[in-house]
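First up is the structure itself, then whatever we jot down about it.
Only the coordinates and a few stated rules stand behind these numbers; no lab work does. Predicted, not measured: the structure shown is a model, and the values here were computed from it. Here the Cβ is made from the backbone with ideal geometry for all residues, glycine too, and neighbour counts use every protein chain on show.
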Amino acid sequence: MPANDKLILALSNGRILKEVMPLLYAAGIRPEAEFDNPDTRLLRFQTNDPRLDIVRARAFDVATLVAFGAAHLGVAGNDVIVEFDYSEIYAPLDLGIGKCRLSVAEPADLAGRDDPRKWSHVRVATKYPNVARKHFARRGVQAECIKMNGAIELAPALGLARRIVDLVSSGATLKANGLVEVEHIADVTSKLIVNRAALKTRHGDVQPLIDRISEVARAA
Amino acid sequence: MNELVTRALLPAGLRDALPAEADQEAEIVWRVTQTFKRYGYARVKPPMVEFEESLLAGSQAGMSRHCFRLMDPDSQRMMALRADMTPQVARIAATRLKGEARPLRLSYAGQVLRVKGDGLRPERQFGQVGAELIGADEPAADAEIIAMSAAALADVGAANVSIDLTIPYLVPAIIGWSQVPPDIAANLRAALDRKDAAAVANLGGRVGALLADLVAASGPAAVVLAKLDGLDLPPTARGEVVRLKEAVRLVQAARPDLALTIDTVERRGFEYQKGLSFTIFARGVRGELGRGGRYLAGEDLMEGAGETATGVTLFTDTVLRALPFPAAEACAFAPFGTPPAVVRALRDGGNLVRDGFGPVADAVAEARRLGCSHIVEGGKAVLLPANPKEAKK
């Protein structure tokens, strides 16, 4: 069996990883010991299933890897899935983890005298320029989006943009930066995603894996 | 950047194919059209550019955003560059070949140009090789196109090919029949495209459970057909399933080794398809090798009614990715002064021979420099001795 014949599951680092691993363990998928070593330099890990490897990447890259078939399966939030809107990604299963929301936020003092219904043009800093643009377009608001890759909450205080579009879970980060939510765009959870061609051409390998994870996700 | 350097830059999505690849692509086109020919398909060659109203007639209006336009200075009318060849072949069938006996079998090969690439195919120019079967409504016609596509790909050497069948209007028909409100229907379609069975069940109202079952009913053809039998489908959908079943039986009889899957929920890119449609994949290859299915040919042309047709289009760039890189071909170097009759006899015998244009000190080294594997000596092509430099490495 050639090495690239293995199935590859892409996971993103960080918060979602902690929530997704119990599901994988329950589904009988156990990565090698090195996976839990916080100082590891490895990016690709074997599992107890000789036909399945796990790779770790940034959340946005998980979607890209799966869209292009570099990874066959992955776990990604629907914030990332709708931002790219790749036609080659199926998201057959809501894992019910990584719950948060995508919102518009602005400084508390601005929010006090601001009426979002009156906006015609906004400038926002965001990791999600496509989602933001579509959201505002639906409301008839022209949006100028400044793409950032992290620390979005800094943007209003530094004068980059008065408003931001970002993920909010507890709201603590917003509060610490003097921001408040003014609009809700979408609820976010993590989904199991699958490459379209992989599901068609390797149905016998991929579908049983989806079914196993699906069972434990439903039980959880 | 130096201006002379940037002159090497091509516009986005356009590229040069270099020797081995260009040759391999031409070979694919030739082999595929030969396979189609053996099934009785006659080749046609439409022009690259047409008046936009004929190229984009009827259901092809959706291709409008993909087409480059040019103004015809002669007729002062707008012309469009083809972004897809199928409508051109359908136009030929509906006009010049209107009087020919049906079913009409036509094949074609050519390059198409699109305004924008998409994520998986950034190329704006790529090759299409295809076949259209016009005026035959039988499931056997659907089966012929599918089995012939598999035969053509086998003939070019593509491995692990699998064909995914769909009935693109099955799901829209069920959604229409169920009277799901339009705003929910949009979300429902998105959930169907993502194969999110739980969301489909939630949004689908009284057809939610049925649609969720359809999402789950995808995979190997035999398994899915059995599942579809157990579903309570609307009567109109039932007829399409019977056709699907018959076509699958015929394809399997013709190509027992072909991997056939079914996914009745698949509809992306099939918006204008009128019946049984399919997508061709190869394991480990990004994107689609080809697609096809049943449509209405020649709609809005001449009398305008159109006739039922089915066909396939293979994309040569993706097919190329499914093939191993070709091995270097044997080529002989004929040193300056080799008698022309010797070189001619070798070429007539199918050998590749490169002529030397002047005397050289070391003919073997010269042959190597020119990338030749053989040298002409004593009237024959002789394999070059092993390269001493490479042996040392």
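Annotations for the structure displayed:
- Among B:68, B:270, B:325, the order by Cβ neighbours within 10 angstrom, fewest to most, reads B:325, B:68, B:270.
- Residue among B:237, B:332, B:191 with the largest mean-square fluctuation in a Gaussian network model of chain B, springs linking Cα atoms under 10 Å: B:332
- Here the protein assembly as shown is assigned +1 on the Cβ of each Lys and Arg and -1 on the Cβ of each Asp and Glu. Its dipole about the Cα centre then comes out at about 500 debye.
- Residues A:86, A:25, ranked from the fewest to the most other C-beta atoms within 10 Å, line up as A:25, A:86.
- Calculated from backbone phi, Karplus (6.51, -1.76, 1.60) coupling profile of the range B:134-144 in Hz, x at Gly/Pro: 10, x, 10, 9, 5, x, 5, 5, 4, 5, 4
- Alpha-carbon centroid distance for the pair the range B:150-204 / the range B:44-77, whole angstrom: 30
- The residues B:78, B:148, A:148, when put in order of fewest to most other Cβ atoms within 10 Å, stand as B:78, A:148, B:148.
- Around the Cα centre of the range A:49-195, unit charges on the Cβ atoms of Lys, Arg, Asp and Glu (plus for the first two, minus for the last two) sum to a dipole of about 340 debye.
- Cα lying deepest toward the dipole's positive end in the range B:195-349, options B:342, B:215, B:308, charges on Cβ: B:342
- Interchain or long-range residues, amide H under 5 Å from residue B:382's placed H: B:375, B:376, B:377
- Computing Rg and the Kirkwood Rh from the Cα coordinates of the range B:32-73 gives a ratio, Rg/Rh, of 1.14.
- log10 of Debye I(q)/I(0), alpha-carbon scatterers only, for chain A at 0.10, 0.11, 0.14 Å⁻¹: -0.51, -0.60, -0.88
- For the peptide B:160-166, the mean number of other protein chain Cβ atoms found within 10 angstrom of a residue's Cβ is 2.
- Percent of beta bridges antiparallel (DSSP, chain A, rounded to nearest 5): 60
- Whole-number Å³ per residue for the convex hull built on Cα positions in the range A:100-188: 85
- Residue A:118/residue A:15 FRET efficiency (R0 41 Å; Cβ-Cβ; nearest 0.05): 0.70
- Which of A:60, A:12, A:29, positive extreme of dipole for the range A:1-96 (C-beta unit charges): A:29
- Karplus (6.51, -1.76, 1.60) ³J(HN,Hα), θ = phi - 60°, over the range A:54-59, in Hz, Gly and Pro reported as x: 10, 10, 10, 8, 6, 3
- Counting every pair of alpha carbons in the range B:1-137, the share spaced more than 24 Å apart comes to 43 percent.
- Reach of residue B:45 by Cα under 19 Å, taken over lysines that are not fewer than 8 positions away in the same chain: B:37, B:98
- Taking amide H as placed 1.01 Å from N in the peptide plane, residue A:162 has its amide H under 5 Å from the amide H of A:123, each at least 5 places away in sequence or on another chain.
- Only Lys, Arg (+1) and Asp, Glu (-1) charged, at Cβ; the range B:332-392 dipole about Cα centre in debye: 120
- Lysine pair number, Cα distance threshold 20 Å (strictly under), chain A, separation 8 or more or different chains: 12
- Once the convex hull of all Cα atoms in the range B:161-260 is built, its volume per residue stands at 92 Å³.
- Taking only the Cα atoms of chain B, the radius of gyration and Dmax are 26.1, 86 Å.
- Calculated P(r) of the range B:332-392 - Cα pairs past 20 Å, %: 20
- Counting only DSSP beta bridges with both residues in the protein assembly as shown, the antiparallel share comes to about 75 percent.
- Length-normalised contact order of the range A:100-188 in % [C-alpha pairs under 8 Å, at least 6 apart]: 50
- More than 40 Å apart - percent of Cα-Cα pairs taken over the protein assembly as shown: 42
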